[in-house]
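These notes are about the structure you will find just below.
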Amino acid sequence: MNVYQKLQIARLSLQEKELKKSGKNKFAGYEYFELQDFLPTVQNIFGDTGLTAVFSCDNESATLTVYNIEKPEEQVQFKAPMAAAELKGCHPVQNLGASISYLRRYLYVNALEIVEHDALDATTGNPAVKADPKPKPKTETITVEGAGVAGNTSVKTTKDWEIKVTMTPEANEAEWFDMVWKGATLALGFAQSDADVMSIFKTNKTLFDDAKNRDSEWFKKLMEEFTKTKNKFKEQ
């Protein structure tokens, strides 16, 4: 059998296994596969099928190469652009490790065609926090109170469009995501032009990048809110 035939057999064999998801997104309420959930099973299937996979990465891309052990010259490559994680409070090496782990997971999911419907189903139609319909001056400060692990916490957006979250995602990730969402949508409610929308994004890019690295599906939903607000001004 060639490498493509073996890979297809491996995919079908994996579909017959009962895999359990250990990853949990508390904000959107869905579960997802982590590497540890399927990689041991994949390695056993590859061993039985006569395949092996090698992961590699450089500054530009990450690659998972699946080889036919009997004919190593036969291979299938799966690639993804390299993306750097920027987790607050982490050493650069820890951020690198987070990027590599995520890309390995992503490429194996792609190679084995592991379908994860839950992430999309759970976030589709997730209602955004409604902004106050009454226009208010940008100089006003908004405060959204929330219950944190170590007492009261808040989200504030100022006239400079900076969203301040007075807690870390490590303390309570679900609460942190909720506060970032509320701060962003409330700031968008104050926007008077598409230029304001861009200023909100640029001012809080570091915060949004952190959220993106933690949950890309959540980030996509947030960007949809930015697009809706920006398009509203273009239509006027």
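Every number here is computed from the coordinates shown, using simple stated rules; none is lab data. Quick caveat: nothing in here was measured; it's all calculated off a predicted structure. Glycine gets a Cβ as well: all are built from the backbone with ideal geometry, and neighbour counts include every protein chain shown.
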> What relative contact order, as a whole-number percentage, does region 152-232 give when Cα pairs under 8 Å and 6 or more residues apart are counted?
Replying inline: 26
>> Under the rule a/c < 1.5 gives rounded, and otherwise a/b versus b/c splits prolate from oblate, where does region 180-235 land using the Cα gyration tensor?
In response: prolate
> FRET efficiency for Glu224 and Lys17, Cβ-Cβ distance as r, R0 = 25 Å, nearest 0.05?
Replying inline: 0.15
> Got a sec to turn the phi values of region 73-82 into Karplus ³J(HN,Hα) couplings, 6.51 cos²θ - 1.76 cosθ + 1.60 with θ = phi - 60°, whole Hz, x for Gly and Pro?
Replying inline: 6, 8, 8, 10, 10, 10, 10, 8, x, 6
> How high is the FRET efficiency from Asp58 to Asp209, r the C-beta distance, R0 25 Å, rounded to 0.05?
Replying inline: 0.70
> In this model, which of Lys17/Lys212; Lys205/Lys230; Lys24/Lys221 are farther than 20 Å apart at the alpha-carbon?
Replying inline: Lys17/Lys212
